[in-house]
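What follows is a set of notes on a single structure, which appears directly below.
The values are calculated or read from the model by the stated rules, or taken from the named source; none is laboratory data. Only a predicted model underlies this, so the values are computations on that prediction, with no experimental measurement involved. In this analysis, Cβ positions are derived from the backbone assuming ideal geometry, glycine residues included, and neighbour counts consider all displayed protein chains. We work out accessible area using only protein heavy atoms, side chains counted, and drop any ligands, DNA or RNA first. Shrake-Rupley method; radii C 1.70, N 1.55, O 1.52, S 1.80 Å.
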Amino acid sequence: MTSAWQDFLRERGARVEAGTVRHFGDAAAELRAARDGGVVAPLTHLGLIACSGSDAASFLHGQLSNDVIKLTLERSEYAAYCSAKGRMLANFLTWREGESYCLQLARSLLLATQQRLAMFVLRAKVKLADASESRLMLGLAGSAAAEALRELFPVLPREAHQVVREPAIGTLIAVPGARFELIAELESAKRLWDTLAAALTPVGPPCWEWLEIRNGMPLITPATREQFVPQMANMDLIGAVNFQKGCYPGQEIVARTRYLGQIKRRMVLAHVAGKIMPQPGDALFSSAPDAQ
């Protein structure tokens, strides 16, 4: 998170810990707002890698689990980045900005992922850069969010993964669960925050993560890196794996799992009652007789 953006959010009441916003003063009330109302969140827990150059599309197509070649300016898609053993190193929401490709991932994995991708650029005309400082991301959810966005965008995305742009504002992407992500440069993001926070409840990234969980969206972090083949995290169910495209790292394992194997573990939605919140990578078990 840029220092200018961090200072701006602090002035608006954000509580910042370890470089990311945690909440805006009342975490419990923010979670209720995320459940019942309209919210806006600074997605400071996420990072952004920009991939540019004349070979960017073919390079990413050969690295990721989805079909990057067919990705248009009007669509986004999910994708996995796997090791040779088919285990996910990171997962992305991907979209295009002009001739560049944006890869949104856990900020804690950005540097390691960028460095690993760079190892395979070789002679390709490709440039990888951390775009997190220049393109700030906001998450919006709830029916009130759509109403607030209509004041800014003449046309809103009608379905998940549709992308619309307003040059003076930024890029708006619809994501599953009747939610939106808004990507903008710093000065535009400041104006947008003040406008949207007047109509919606400002919430911290944990509320957005809760909404992601409710909508079945996984996020690989350092604690879960190289732990799962894509199908274990339901990446195949959210359209993040294309089984007809060419080769990419781990493709043989991912395909064999689909056609010959059997998934022994699948991501499921669960509620954990307790005073201590489980952390990424924790092993969870149920005492229910029918639990698997």
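At a glance:
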item: Candidates LYS275, LYS70, LYS190, ranked by Gaussian network fluctuation over the chain, Cα under 10 Å, top entry; result: LYS275
item: Positive-end extreme of charge dipole, region 144-268 - chosen from ALA148, ILE263, ASN234 (charges on Cβ); result: ILE263
item: Relative contact order [Cα under 8 Å, 6+ residues apart], region 1-150, whole percent; result: 31
item: Surface per residue (accessible, 1.4 Å probe) for the chain, Å²; result: 51
item: Region 192-292, relative contact order in percent, only Cα pairs under 8 angstrom and at least six apart counted; result: 30
item: Loop GluC sites (Glu not before Pro), region 59-103 (other Cβ atoms within 10 Å of the site Cβ: 15 or fewer; DSSP); result: GLU74, GLU99
item: Check: region 149-292 dipole with +1 on Lys, Arg Cβ and -1 on Asp, Glu Cβ, in debye; result: 380
item: Low-density loop cleavage sites - chymotrypsin sites (Phe, Trp or Tyr not before Pro) in region 188-292, where at most 14 other Cβ are within 10 Å (DSSP); result: PHE243, PHE285
item: Highest-first arrangement of 29-40, 9-20, where packing means the average Cβ count within 10 Å; result: 29-40, 9-20
item: Relative contact order of the chain, pairs being alpha-carbon contacts under 8 Å that are 6 or more residues apart, as %; result: 25
item: Whole-percent carbon and sulfur share, accessible surface of region 190-292, 1.4 Å; result: 53
item: Filtered chymotrypsin sites (Phe, Trp or Tyr not before Pro), region 68-167: DSSP coil and at most 16 other beta carbons within 10 Å; result: PHE120
item: Residue order for ILE183, ILE238 - accessible surface, 1.4 angstrom probe, largest first; result: ILE238, ILE183
